[in-house]
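After the structure tokens below, expect a handful of questions from me.
The values are calculated or read from the model by the stated rules, or taken from the named source; none is laboratory data. All values reported here derive from a predicted model rather than from experimental measurement. Here the Cβ positions follow ideal geometry from the backbone for every residue, glycine too, while neighbour counts run over all protein chains shown. Quick note on the areas: whole protein, heavy atoms, side chains included, nothing else; ligands and nucleic acids left out. Shrake-Rupley method; radii C 1.70, N 1.55, O 1.52, S 1.80 Å.
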Amino acid sequence: MTEPAFIPYRPIPVPIAEVEERADRFFELMDGRRSVRMFGDQPVPRAAIERAIATASTAPSGAHRQPWTFVLIGDPAIKRQIRIAAEEEERTNYEGGRLPDDWLEALAPLGTDWHKGFLETVPWIVVLFEQRYGFNPDGSRRKNFYVKESVGIACGLFIAAIHQMGLATLTHTPSPMAFLTRLLERPENERPFAMLPIGYPAPDCVVPDLTRKPLDDVVVRFLG
Ligand code: IYR
């Protein structure tokens, strides 16, 4: 067993008088986020997306394994292949009877269908893969822990980073996603977790008129 080394952690303290205001500001920022399916084609600097990936990779993870791979795609030929494959799967979902009726009913208010043209419009697509296991230096398998939880947190941080830059994304899970492993030539230990097209929202972008659950519907309190 190697002993962990510990170093001091002394973040600059936020005065208590500022804590609530900071909470409010971050809420206002994040409450303005929407999942977008109508994108513009304006370019976005690669460095900004890579910084968002770096932010996502600060996420806490089980045993600090950081069990994620972010595949960044700007190549129009690959975006096209992704669109074609995603539309094929989604067409089977929506029109081929693969989605059960209760699922189709739940999707109806969102106005989604099998057309995924935005996958070619956007300047960037990030496909997030989970690493079901890793490797030791000798090439043997190394177990990862809480993989889905860890990758989910990283995904959330990525979405927040993208929103904070004034860009839009969609947490897209064209199901099943095995085609992404094949197209993007990912190794056997990785599985697709989510696909995130990124860009500016289209000038005529609309989103479903949704409301979020009020706080009291999502909190249970034991205040002592
Ligand atoms: N994956 C399908 C269906 C779908 C699922 C969820 I959860 C949505 O929020 C929207 C759609 C698709 O992307 O069309």
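Treating only the Cβ of Lys, Arg, Asp and Glu as charged (+1, +1, -1, -1), what charge dipole size does the chain show about its Cα centre? Round to the nearest 20 debye.
My answer is approximately 740 debye.
Of Pro11, Ala161, Ser140, which is farthest along the charge dipole of the chain in the positive direction, counting Lys and Arg as +1 and Asp and Glu as -1 at C-beta?
Ser140
How high is the relative contact order of the chain? Use alpha-carbon pairs under 8 Å, at least six apart in sequence, and give a whole percent.
31 percent
Determine the per residue accessible area of segment 1-124 with all protein chains present and a 1.4 angstrom probe, expressed in square angstrom.
It amounts to 70 Å² per residue over segment 1-124.
Could you tell me what percent of the accessible area of segment 67-175 is made up of carbon and sulfur, with a 1.4 Å probe and every protein chain present?
Heavy-atom surface of segment 67-175 belonging to carbon and sulfur, 1.4 Å probe: 53 percent.
Specify which residue in the list Val220, Gly32, Met177 is farthest towards the positive end of the charge dipole of the chain, using unit charges on the beta carbon of Lys, Arg (+1) and Asp, Glu (-1), about the Cα centre.
Working it through, the farthest residue towards the positive pole turns out to be Met177.
Continuing with this model, one more query. Once amide H atoms are built 1.01 Å from N in the peptide plane, which residues 5 or more positions from Trp68, or in another chain, come under 5 Å H to H?
Hits under the 5 Å cutoff: Gln131.
Next up: Relative to the present Cα-Cα distance, how much length would full extension add between Arg33 and Arg212 at 0.36 nm per residue of separation?
Between Arg33 and Arg212, full extension yields an extra 63.3 nm.
May I ask you to derive the FRET efficiency for Leu110 and Ile84 from their Cβ-Cβ distance with R0 = 25 Å, giving the value to the nearest 0.05?
The pair Leu110/Ile84 has a calculated efficiency of 0.65.
Still on this structure, please answer the following. Report ³J(HN,Hα) in whole Hz for each residue of segment 94-104, in order, from the Karplus equation J = 6.51 cos²θ - 1.76 cosθ + 1.60 where θ = phi - 60°; Gly and Pro get x.
So the Karplus estimates, Gly and Pro as x, are 7, 10, x, x, 7, 8, x, 4, 5, 6, 4 Hz.
Mind checking which lysines have their Cα closer than 19 Å to the Cα of Lys79? Skip sequence neighbours fewer than 8 apart in that chain.
Once the sequence-local lysines are set aside, what remains near Lys79 is Lys116.
Quote the charge dipole size of segment 82-187 about the Cα centre in Debye, to the nearest 20; the model charges only the Cβ of Lys and Arg (+1) and of Asp and Glu (-1).
620 debye
Once amide H atoms are placed 1.01 Å from N in the peptide plane, what residues at a sequence separation of 5 or more from Phe39, or on another chain, have their amide H within under 5 Å of its amide H?
Distant-sequence amide H within range of Phe39: Ala202.
For the chain, compute Rg over Rh where Rg is the Cα radius of gyration and Rh is the Kirkwood radius from the inverse mean 1/r over Cα pairs.
Ratio value, two decimals: 1.00.
Now for a different question. From the C-alpha coordinates alone, can you work out the Kirkwood hydrodynamic radius of segment 104-208, in Å?
Answer for segment 104-208: a Kirkwood hydrodynamic radius of 15.8 Å.
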